[in-house]
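The values are calculated or read from the model by the stated rules, or taken from the named source; none is laboratory data. Remember, it's a predicted structure, so these values are computed and weren't measured experimentally. Quick reminder, even Gly has a Cβ in these numbers, built from the backbone with ideal geometry, and neighbours come from all protein chains shown.
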Amino acid sequence: MSGRGVLVTGASRGIGRAVTAAFAAQGDRVAIHHRDSAEAAGSLLGELPGEGHAVVQADLADPEGVRSMVDAAAAELGGRIDVVVNNAGVFFHHPVAETSYEEWQDAWRRTLEVNLFGAANVVWCALRHMSAGGRIVNVSSRGAFRGEPDAPAYGASKAGMNALGQSLAIALAPRGIGVAGVAPGFVETDMTNEHLKAPRGDAIRAQSPFGRVARPEEIAAAVVYLASPDAEWASGAVLDLNGASYLR
């Protein structure tokens, strides 16, 4: 089979959809993961150029579901996975002073199960199908560095993802596998659509001196580079993609 085999989690919409389209455009074969968006995933599958693409399903909070999904993706991609993009994520509003203890516990559990444990399990399973030259790219967030006061579990999960990626970068380099991450600020996606509406949207766009938020395609371009053969020396890096809205 031509091209590389790429697994993108949370691929049916937003950043994941743009990442999937970017890999397919350069001749790679993509396994489109979704949790409960079969229609959107199927629509994306029908739009992609080339052949060998597939749709796979799992709730990333279910470890056995993750294992089955990754194995299915590897089978659909010709028995191997060359690139993993950990993009799937959930976001729950739970400011500490305004949330009940039960709601607080639930928000942390649901967030970490998908954003951190799910990503870690995807990597563990995918490595069984990955060889030298493989790439893992984690989609983190600006919130991992500047904090998420209204969604602390989200910020913590993305900080954990960064630490996971850096640990893996060291562990997997002897096997010729590179691991890197991107940390976007606000991006025009379904997840952020409500936040970007006026009047709050104007304040969000003003966070960047460019006066706008990112397009999904801009994040996808960075992911594709970090997954490329030329990006081995970027292993361990987390690339800020926030339009100078937060500098560290």
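Mind listing just one residue for me: the one in the stretch 167-197 that is touching a residue at least 24 places away in the same chain (Cβ under 8 Å) and assigned to a loop (DSSP other than H, G, I, E, B) and, of those, farthest from Ala221 (Cα to Cα)?
Gly176
Of everything in the stretch 185-207 that's among the polar types (S, T, N, Q) and in contact with a Phe, Trp or Tyr (Cβ under 8 Å, 6 or more places away or on another chain), which residue is nearest to Asn87 (Cα to Cα)?
Filtering the stretch 185-207 for residues that are among the polar types (S, T, N, Q) and in contact with a Phe, Trp or Tyr (Cβ under 8 Å, 6 or more places away or on another chain), the one nearest to Asn87 (Cα to Cα) comes out as Thr192.
Consider the stretch 42-78. How many of its residues are among the acidic types (Asp, Glu), assigned to a helix (DSSP H, G or I) and more than 23 Å from Ala120 (Cβ to Cβ)?
Qualifying residue count for the region: 1.
Here are Gly42, Gly50, Gly89: which of them is crowded, with 17+ Cβ neighbours inside 10 Å and touching a strand residue (DSSP E or B) at 6+ places or on another chain (Cβ under 8 Å)?
Exactly one residue qualifies, and that residue is Gly89.
Does Asp202 satisfy the criteria of being farther than 21 Å from Ile15 by Cβ, modelled with pLDDT under 95 and of a type in the set (Asp, Glu)?
For Asp202, the condition - farther than 21 Å from Ile15 by Cβ, modelled with pLDDT under 95 and of a type in the set (Asp, Glu) - is met.
If Pro149 passes every condition in (1) surrounded by 22 or more Cβ atoms within 10 Å (Cβ to Cβ); (2) within 30 Å of Ala203 (Cβ to Cβ) but one, which one does it miss?
(1)
What is the number of the single condition among (1) of a type in the set (Gly, Ala, Ser); (2) surrounded by 19 or more Cβ atoms within 10 Å (Cβ to Cβ); (3) closer than 21 Å to Leu45 by Cβ that Gly65 does not meet?
So the condition that Gly65 fails would be (2).
Out of all the residues in the stretch 218-248, which are at pLDDT 95 or above and either assigned to a loop (DSSP other than H, G, I, E, B) or over 23 Å from Val179 (Cβ atoms) (or both)?
Ala227, Ser228, Ser235, Gly236, Ala237, Asn242, Gly243, Ala244, Ser245, Tyr246, Leu247
Would you mind stating whether Val30 is crowded, with 24+ Cβ neighbours inside 10 Å and more than 18 Å from Val114 (Cβ to Cβ)?
For Val30, the condition - crowded, with 24+ Cβ neighbours inside 10 Å and more than 18 Å from Val114 (Cβ to Cβ) - is met.
Can you name the residue in the stretch 195-217 that is among the basic types (Lys, Arg) and within 23 Å of the chain's Cα centre (by Cα) and, of all such residues, is surrounded by the most Cβ atoms within 10 Å (Cβ to Cβ)?
Per the stated criteria, the residue is Arg205.
Could you grab me the full set of residues in the stretch 180-194 that are within 14 Å of the chain's Cα centre (by Cα) and more than 20 Å from Phe145 (Cα to Cα)?
Across the stretch 180-194, the qualifying residue is only Thr189.
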